[in-house]
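This report refers to the structure that appears directly beneath it.
Derivation of every value follows stated rules applied to the coordinates shown; laboratory data play no part. Model, not experiment: these values are computed from the prediction. Note that each Cβ is placed from the backbone with ideal geometry, even for glycine, and that neighbours are counted across all protein chains shown.
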Amino acid sequence: MGEIIQRRQLAITGLVQGVGFRPFLWRLARRNRLAGWVQNGPGGVQVEVEGPAAALDAFLASMQAEAPPLARIDGITLRGVAVASRHEATGLEQAFVIRPSSTAGATQTGISPDVAPCEACLAEMHDPSDRRFRYPFLNCTNCGPRLTIQTGLPYDRPQTTLAGFEMCEACAREYADPADRRFHAQPIACPHCGPAVWYSEPGDAHGLAVCRSDAVHLSEHAITIARAALRAGAVLAVKGVGGFHLICDATNAGAVARLRARKHRPRKPFAVMVPDLASAAMLADVDDQSARFLEDASRPIVLLPKRHPPLLSLADTVAPESDFVGVMLPSSPLHGLLIECVGEPVRPLVVTSGNLSDEPIAHTNTDATSRLATLADGFVMHDRPIEVPCDDSVVRCVAGMPQPTRLGRGHAPTTLPLPDDGPCVLAVGGDLKGALCLALARQAIVGPHLGDLASPEAFTALTQSAEHLLALYGAQPSRIVADLHPGALSTAWARQFATARRVPLVQVQHHEAHAASLLCEHGLSLNTHEPVLVACFDGTGYGRDGTIQGGEFLLVHAGAIRRVAHLARFPLPGGEAALREPWRAALGFLSQLPTPSAPRPWPAPVKPASDDAIALVGRQAALGIASPQSTSMGRLFDAVASLTGLQHRISFEAEAAMQLEAAAVRAQPLSEPTPYAFDLPPETSPWPR
């Protein structure tokens, strides 16, 4: 008697589109001699599979144990269904096939972040006998662009920015061959049918028709010119995966100085790109964990301790006054070709966002030639459109774990499961490091870093990002959530966006939002029955009492958040000016100490201003004139950095705190420490009474 044939229907959710999941299931079904079909849909991947029960069990077990490296299975719904009509010869449905995608239903599937080139593709790129030799846009199902080219769901070529590139016969064969690594690789391309790279000068009006006329050799010619320009000290605007970079020779002090002056970025450290891990270890201390972060498919910028002495030189102005350097490996084949060092010493490249400080990253050719014309000496362009601008991710290794400081290319969108069900909500972050988050179907989808919201261009980018995120998921938010601060730019944007969509605006206290997100990150619910104490150390957050908060302890219990402790209040003389001039925050702290006479905290030559100015601001703080109250931990770091003579004025956020951290790391214990000028009586407490 033959085995009893069963048919099972599976609905799979998670990160299962754009990661080679359907070809993987096709091969798995063939291996187990099963029939049926698989298709993408807005809810994830749908499967019907038919065969003997033992083979079906093996299929399911292998699906979870052997899933593609980029896939993440969040859930599987399984049910039995009626078997299909039989094939006369075998008694089985004849084959397992990949069906065209379905667009019916609510979107719940994850969207894959962009992925750096895999080893197989890199090997092809360096193989003179391969048809994709030195081609800057090669990819396969295991690597290549994802989010930045995606125009809709399900993830199929017509819903990417490659839709306008018709596959040549060779690419079409690979795309349709289940045994090929590029089976259903949506961004598939080659020099004969895919995007091309070209080089142009500022103001050069070379058109796309000219560029496409010799696509096979044009890219190599552009890269050759670009490499020569970089060696000569030029600053180039290079179109990457998620937007434009400004790039220059990191060993050329003049080039770095020109980039700083043009970008209006006087001291904030630049990241550098090196060709490989060995080169990174010549610049910085790279342990096993940091090496994994550098080589991760997301290719983030990794903050690493500088190597002393370095084996690879950098201009002193790349990361001035810092014990850390941001290092990245090439995030795309194009970047790899630009930095390759064949027959010459390794030459690191400064790689920074293609924008003026505080503006969003440029991501279209037209935008770049307009906004970056005064910043760049030349442009490395290509004609693969970027749908979603995405800046580089930045991570740091803390206690062996990656601590992201910026979620961008390779990490965005990040999807976190929500412990509680709730309405569809779109939330906008603060004015600095702006980002969007969409709560949908018990998941929080965190969009890419958008930068500071201090320019009209940033507002436009925020609107475009919100509309794309909602359209991609087919979401209709029932409310918009923003910060409680009445003067926040992000709140003003959220109010306009909510009014346009005729949904209510909900404002949430800054640190209560921090607490909620932290609980979500650790899988905890705001409705927890066990009390949870959350520490929120921050620079600026508008409190419900109108003060500037940032050194908070919040108790979360049974759906309520209560502020139970904080740093003692202190004045910030000059308000916003104290954020840019840490010495003002120092005088605010000192004004609260029980000292019998006016202190002289800064001996020459480290004092930040004239004696008259210091005395005036000190009286301002003591009298509370134009001195809003604060409990900010960030301002405490600023104050200590100023009192120790490290930083009195800052040019970018957290500069003083970074200097303080670097000094603390370098400091050696003193056998006879110098007494500090101010005594703190034992009864003095930072906690409120």
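Rounded if a/c is under 1.5, else prolate if a/b beats b/c, else oblate: with a ≥ b ≥ c from the C-alpha gyration tensor eigenvalues square-rooted, which is segment 469-592? Display every interim value, and only then the final one.
Details: a/c = 2.69, a/b = 1.36, b/c = 1.98.
The shape class here is oblate.
Taking 22 Å as R0, compute the FRET efficiency from the Cβ-Cβ separation of Gln39 and Ile4 and round it to 0.05.
Efficiency computed from Cβ-Cβ geometry: 0.25.
Can you compute the radius of gyration and Dmax for segment 473-523, using only the Cα atoms, both in Å?
12.3, 34
Taking a temperature of 4 °C and a viscosity of 1.567 mPa s, what whole-number D in µm²/s does Stokes-Einstein yield for segment 373-412 with Rh from Kirkwood over alpha carbon pairs? Provide the component values of the computation, followed by the final result.
Values: Rh = 12.9 Å.
D = 100 µm²/s.
With viscosity set to 0.692 mPa s at 37 °C, what whole-number translational diffusion coefficient in µm²/s follows for segment 541-605 from Stokes-Einstein and a Kirkwood radius over Cα pairs?
231 µm²/s
Using +1 on the beta carbon of Lys and Arg, -1 on that of Asp and Glu, and nothing else charged, what's the dipole of the chain about the Cα centre, debye to 20?
700 debye
Below 8 Å between Cα atoms, with a sequence gap of 6+, how large is the relative contact order for segment 132-262 in percent?
Averaging sequence separation for qualifying contacts and normalising by length gives 19 percent for segment 132-262.
Report the per residue volume, in Å³, of the convex hull enclosing the C-alpha atoms of segment 234-321.
Once divided by residue count, the hull of segment 234-321 is 103 Å³.
What would the Debye equation give as log₁₀ I(q)/I(0) for segment 408-543 at q = 0.11, 0.16, 0.20 Å⁻¹, counting only Cα atoms as equal point scatterers?
The computed values of log10 I(q)/I(0) come out as -0.38, -0.84, -1.35.
Largest first, please: the extent of the C-alpha atoms of segment 422-464 along each principal axis, to the nearest Å.
In descending order, the Cα extents are 33, 16, 13 Å.
Direction-averaged shadow area of the convex hull around the Cα atoms of segment 545-653, nm²?
Working: hull surface 31.4 nm².
Reported value for the Cα convex hull: 7.9 nm².
Using the Kirkwood formula on the Cα atoms of the chain, what hydrodynamic radius do you get, in angstrom to one decimal? All intermediate terms of the calculation are to be shown ahead of the outcome.
Details: mean 1/r = 0.0359 Å⁻¹.
Its Kirkwood hydrodynamic radius stands at 27.9 Å.
Once you keep just the Cα pairs under 8 angstrom separated by 6 or more residues, what percentage relative contact order results for the chain?
9 percent
Taking only Cα atoms of segment 306-349, what ratio of Rg to Rh do you get with Rh as the Kirkwood inverse-distance radius?
Ratio of gyration radius to Kirkwood radius: 1.00.
What fraction, in whole percent, of alpha-carbon pairs in segment 215-277 exceed 18 Å separation?
Summing the P(r) of segment 215-277 above 18 Å gives 43 percent of all pairs.
Loop only per DSSP, at most 12 neighbouring Cβ atoms within 10 Å: give me the trypsin sites (Lys or Arg not before Pro) in segment 530-589, ordered by residue number. Let's see the in-between values first.
Numbers: sites: Arg544, Arg562, Arg563, Arg569, Arg580, Arg584; in loops: Arg544, Arg569.
Taking segment 530-589 and a limit of 12 other Cβ atoms within 10 Å, the loop trypsin sites (Lys or Arg not before Pro) found are Arg544.
For segment 352-463, list log₁₀ I(q)/I(0) at each q in 0.12, 0.19, 0.21 Å⁻¹, using the Debye formula over Cα point scatterers of equal strength and ignoring solvent, two decimals each.
With one equal scatterer per Cα and no solvent, log10 I(q)/I(0) is -0.51, -1.07, -1.20.
For Cα pairs less than 8 Å apart in space and 6+ apart in sequence, what is the mean separation divided by the residue count of segment 444-566, i.e. the relative contact order in percent?
Answer for segment 444-566 is 17 percent.
Kindly give the semi-axes, whole Å and largest first, of the ellipsoid equivalent to segment 265-411, taking each as the square root of 5 times a Cα gyration tensor eigenvalue.
Taking √(5λ) for each Cα gyration eigenvalue gives 25, 17, 16 Å.
Helix-only mean residue ellipticity at 222 nm, the chain, DSSP H runs n ≥ 4 weighted -39,500 (n - 2.57), per residue, nearest 500. What is it?
The per-residue figure over the chain is -8500 deg cm²/dmol.
In nanometres, what is the gap between the two model label sites at His217 and Ala568, each 7 Å from Cα along Cα-to-Cβ?
If labels sit at His217 and Ala568, their model points lie 7.7 nm apart.
What is the distance in Å between the Cα centroid of segment 566-588 and that of segment 122-194?
54 Å
Stick to the Cα atoms of segment 25-66, pair each with every other, and give me the Kirkwood hydrodynamic radius in Å at one decimal. Can you show the working numbers first?
Working: mean 1/r = 0.0949 Å⁻¹.
Evaluated over segment 25-66, this radius sits at 10.5 Å.
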